[in-house]
Structures are given as C-alpha cells and as structure tokens.
2 protein chains.
Amino acid sequence: MQTEDCIFRALADPSRRAIFERLTLGEAAVKDLTARFAISQPAVSQHLAALRNAGLVRARREGRLVYYEVEPRGLSPLVDWISNYQAFWKERLQRLEQLLEKMEP
Amino acid sequence: MQTEDCIFRALADPSRRAIFERLTLGEAAVKDLTARFAISQPAVSQHLAALRNAGLVRARREGRLVYYEVEPRGLSPLVDWISNYQAFWKERLQRLEQLLEKMEP
DNA sequence: ACTTCATATAAGTCGTTGCTTATACATTGG
DNA sequence: CCAATGTATAAGCAACGACTTATATGAAGT
C-alpha cells in the first residue's frame, strides 16, 4: 500500500481521478459525491477505498456521514518518482550546455 | 492520445514503468529490452506502443533495429496535472518545468 | 426496539488488459 | 532472390477491474 504502483493505478481511472479532483476543492461526504457523479454509491465507496489505499485521501466519520478529504502529502511519492528522472534531463541539459560552451569561442 | 488518461494508464503497469525507467538511462533497441526483461518480444513491443501512444517515448528506425528513447517533454502533462491540484508543490515543480522548457528545440 | 439514513462489503457480470504463440512485415547479407 | 534477423500485428486466453444489485454495518431520531 501507498506505493507508486497504487498511486498510478488509482489515478489511472477517470472516475477516480474526477473524485480526487473534486476533493481537492474541499472535503465531501460520500453522499455528496454519489449525488454528483453518475455512478452508484457502492462504486463511489470502492473508488474512495482505492484512493485511500493509495494514500491520496483520508476519511473522517461525523455521525452517519463519512467525509473524505485529500491527504496533503499524498502526491509526494508521485512527485518523488518524477524528480528521480529529473537527473535524466539534468544530464542532457548539461551536455547541451557543454556543447554550447565549446562553440562559444 | 497523449492525454492524461493515457499517461496514467501507461505508467500504471509495473512492466511498462520499468521499461520507461530503463529508457531514461539511454536509448535502447527492442531486442535489448527483450533480453533484459522476462517477457516476450511481442509483449515488449506492445508496452512500447502504449508508452509511445502516451507520448512518453519515441521510436527511431536504424536498419533492422528500432531504437526507443524517452520523449523529453513526455512527462510534462503529468507535471501540469499535479501542479493544478497541489499548490503546495507548485514551486518545486516549476523548477522542473523550467528545466523542461530549456529542452525545447 | 424499530425505522431511517449513510456507508461499507459481498457476489456476480462484463469489458479491459497483459500475456502468450503464431504470423506478417521490413531490412540486411549471402 | 532467398534466408536470416528484428519488429509489429493478430488471435486467443486467463486475470483483473469497474460496475451493478443485494445485503451487512453503524448511527441518529421517534
């Protein structure tokens, strides 16, 4: 859980991404999400479980309602993954700059 | 094609992500990838097609060999998506984006 | 306690996907 | 031209994933 794999798979589904994007605007209860999206309540709950399993959202119970909100640092594994390949561009950029320097004189 | 959806789906598969990560180390022909990964050559070709369809890699034919390499700006839709929904990382990502901008021919 | 409302889980269905083998296409060398 | 090599596509299959309906759990009001 909470691995890159989970995150990529969680965000690969359009419905789930839409739910996540909705949650970035602010917390919402399951019934709100169910009302807004054209899928059944169990489908919403399943999507939320996948997002939570990926560490992207967290749940808070309040009476009968369960509010979901974005986990603030949930996307950082994704950012880290991308940043790992920053080295790829850095290296290429350096080579390019070296080339330009040699052409300078 | 080349939409967020494609990119997320492309990177959701571990084998495909591994191939992409290998390509960030440098270009490789299909036969090299086939030798390195424990899946058949058609499977590799199919993964490469998915990555290319997502705009993450590009192919160059050289004789009978087909070399695949990372598309430099391929990850930027992902970066854009993240920065849209997580203002917290915007600064860090902007640095990455600036790096990518410099790669533009 | 019973009913109602909100959510989660179970079970089943159906389309998708990642793999395989077999085959077609493309390029090079004899 | 033919054989060999490298890659892509086709067809089929087993596993997975996203959805459904039905049911279980949990909490509040009467």
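What to note about this one:
- Copies compared at B:Asn84 - label distances in nm, ascending, label defined 7 Å from Cα in the Cβ direction: 2.5
- Inter-copy separations for A:Ile39, label at 7 Å along Cα-Cβ, nm, ascending: 2.4
- In the context of the full protein assembly, B:Asp5 retains an accessible surface of approximately 30 Å², using a probe radius of 1.4 Å and ignoring ligands and nucleic acids.
- B:Arg73-B:Asn53 pseudo-label distance in nm [points 7 Å out on the Cα-to-Cβ vector]: 2.3
- Total buried accessible area between A and B, probe 1.4 Å, nearest 100: 3000 Å².
- For the residues of A:68-75, the average number of beta carbons from a partner chain within 10 Å of their own beta carbon is 2.
- Between A:Arg61 and A:Asp32, the modelled labels are 2.0 nm apart [label points 7 Å from Cα along Cα→Cβ].
- Normalising by residue count, the range B:1-60 has a Cα convex hull of 72 Å³ per residue.
- Per residue value of the accessible surface for the range A:4-74 (all protein chains in place, 1.4 Å probe), Å²: 51
- Nm distances between copies for B:Glu69, ranked from closest, using label points 7 Å along Cα→Cβ: 4.7
The values are calculated or read from the model by the stated rules, or taken from the named source; none is laboratory data. Since this is a predicted model, take the numbers as computed values, not measurements. A quick note on method: Cβ atoms are made from the backbone with ideal geometry, for glycine too, and the neighbour counts reach across all protein chains shown. Surface accessibility is based on the protein's heavy atoms, side chains included, excluding ligands, DNA and RNA. Shrake-Rupley method; radii C 1.70, N 1.55, O 1.52, S 1.80 Å.
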